[in-house]
Amino acid sequence: MPRQPTIEWQTNGICNYDCSYCIQSRQYRQGHPSDADLERFLGFFAGLPGVWEIKLSGGEPFAFRGFMERVIPGLAKLPHRVSVLTNFSAPLGVLRRFVDLVGDKLEVVSASLHLEYVELEAFLEKALVFRSWLRPETAFVVNNVLAPGTVADLAAVKARTEAAGLKYFPQVMKTKRGVYAYDATEAALVKALTGERPTAREANVAPSYKGRRCWAGAAYFVVDQFGQAFRCRTAKRYGEGYLGNVLDGSFRLAAGPEACRYDICPCAVPANRGMIEGIQ
Ligand code: SF4
Ligand code: SF4
C-alpha cells in the first residue's frame, strides 16, 4: 500500500455528546485552542514539505466554533488533503459549507453513529443527503463502536446501513490500554460483525503489529489541541514517542521507520495509510 503522509489533529477537546462508552475521559474532553494558536497551527501545516492528509477530530470538531470559522477556511488554502472524524451532529447547512470550503481536497469523512444520541433512520437519511454532495473519490464511512450491552442489536444496524448503500465500519470497544473483554455471547456477535480476520479497511479490531516496521513518527503523527505531537496514539498513551510541540518550533519528525513496540494499534489510520510494513 502506498504511504500517504498523515497527521491526526485533535483540533479541540470539547464535545456536544457524552457517550457512556467514550474512550476520552470527561477531564480531557474539554478546551480548544485560542485564535492565535490556530494561526500557529495553520502556519505549521503551511510549512510542511509535500502534501499531507490532515485528519481532524476532537472531541467533536464541529462543536468548536473556531473549526468552521478558522480551521477549515485556513486549511482550504493549503495544498494538504483534509479528512474528518465527526459525530455528524452538525446541521446539514454547516456540513454543506464544510464540503464547499474543502472542495476536492476532501479525502475521508468518518461519521460516527452514536445510538445513545441519534435514531438510525434519521442518521442514515442525513448521511445520504450529505454523501450526495461528495465527489466519488471522497470516502464516506459510518463508524460504529460495538458498545458492550448493545452488540446483539448491531447486526440489524449494519444490515440497514449497508442496505442504504453506505459503508459500515465496526470498531471494537477499546479501554485505556487494550480491547474491552466482551463476554462469550457478545464476543461471538462481535466476530460476526467484524469478520474473523478483517483487514484494517473492513473493521477496527485494534490488532497488534508488534515487531513490524512502522513509519509512525516519520510519515504519520498525532497532534493534540495544545500542539503536542506524538508518534502515534499508543505511544502517546504510554507517554512515549514525543516529537515536540508544533506551536513552539520544537517539533521534529523521526528519521525513518522503527519496529512497533506495542500490543495494540487502536486506530486503523496508520494501517490504512500504508505506515505498517508487511500488512495488507
Ligand atoms: S461523540 Fe465521540 S468524543 Fe463525543 S462523547 Fe461520544 S465518543 Fe466521545
Ligand atoms: S503499528 Fe500502530 S501502535 Fe505500533 S508504532 Fe505503528 S501506529 Fe503505533
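Yes/no per residue for (1) within 16 Å of ligand 2 (Cβ to nearest atom); (2) at pLDDT below 95:
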residue: 3; (1), (2): yes, yes
residue: 20; (1), (2): no, yes
residue: 33; (1), (2): no, no
residue: 41; (1), (2): no, no
residue: 69; (1), (2): no, no
residue: 79; (1), (2): no, no
residue: 88; (1), (2): no, no
residue: 98; (1), (2): no, no
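If you scan the range 1-29, which residues turn out to be touching a Cys at 6+ places or on another chain (Cβ under 9 Å) and within 13 Å of ligand 1 (Cβ to nearest atom)?
Within the range 1-29, 15, 22, 24, 29 qualify.
Do we find that residue 46 is small (Gly, Ala, Ser) and surrounded by fewer than 18 Cβ atoms within 10 Å (Cβ to Cβ) in this structure?
So residue 46 passes the test.
Pick out the one residue from 70, 29, 81 that is touching a Gly at 6+ places or on another chain (Cβ under 8 Å) and surrounded by 14 or more Cβ atoms within 10 Å (Cβ to Cβ).
29
Does the range 228-252 hold any residues that are surrounded by fewer than 17 Cβ atoms within 10 Å (Cβ to Cβ) and assigned to a loop (DSSP other than H, G, I, E, B), and which are they?
Result: 238, 239, 240, 248, 249, 250, 252.
Can you run down the residue pairs with Cβ atoms below 6 Å, 6 or more apart or on separate chains, where the first is in the range 245-269 and under 19 Å from residue 41 (Cβ atoms) and the partner is within 13 Å of ligand 2 (Cβ to nearest atom) and in a loop (DSSP other than H, G, I, E, B)?
Partner pairs satisfying both residue conditions: 253/218.
Condition first: among the small types (Gly, Ala, Ser) and either at pLDDT 95 or above or away from ligand 2 (no atom under 16 Å from the Cβ) (or both). Can you find one or more residues in the range 167-178 that meet it?
For the range 167-178, residues among the small types (Gly, Ala, Ser) and either at pLDDT 95 or above or away from ligand 2 (no atom under 16 Å from the Cβ) (or both): absent.
Taking the conditions exactly as written (away from ligand 2 (no atom under 16 Å from the Cβ) and under 30 Å from residue 148 (Cβ atoms)), does residue 109 satisfy them or not?
Yes: the conditions hold for residue 109.
Output yes when any residue across the range 257-267 is within 16 Å of ligand 1 (Cβ to nearest atom) and in a loop (DSSP other than H, G, I, E, B), and no when none is.
yes
Among the residues of the range 30-39, write down those that are assigned to a loop (DSSP other than H, G, I, E, B) and either in contact with a Cys (Cβ under 7 Å, 6 or more places away or on another chain) or small (Gly, Ala, Ser) (or both).
Result: 31, 34.
Considering only the range 217-237, how many residues are more than 16 Å from ligand 1 (Cβ to nearest atom), within 12 Å of residue 8 (Cα to Cα) and touching a residue at least 60 places away in the same chain (Cβ under 8 Å)?
Residues that pass the stated criteria total 5.
The values are calculated or read from the model by the stated rules, or taken from the named source; none is laboratory data. All values reported here derive from a predicted model rather than from experimental measurement. Note that we place each Cβ from the backbone using ideal geometry, even for glycine, and neighbour counts take in every protein chain shown.
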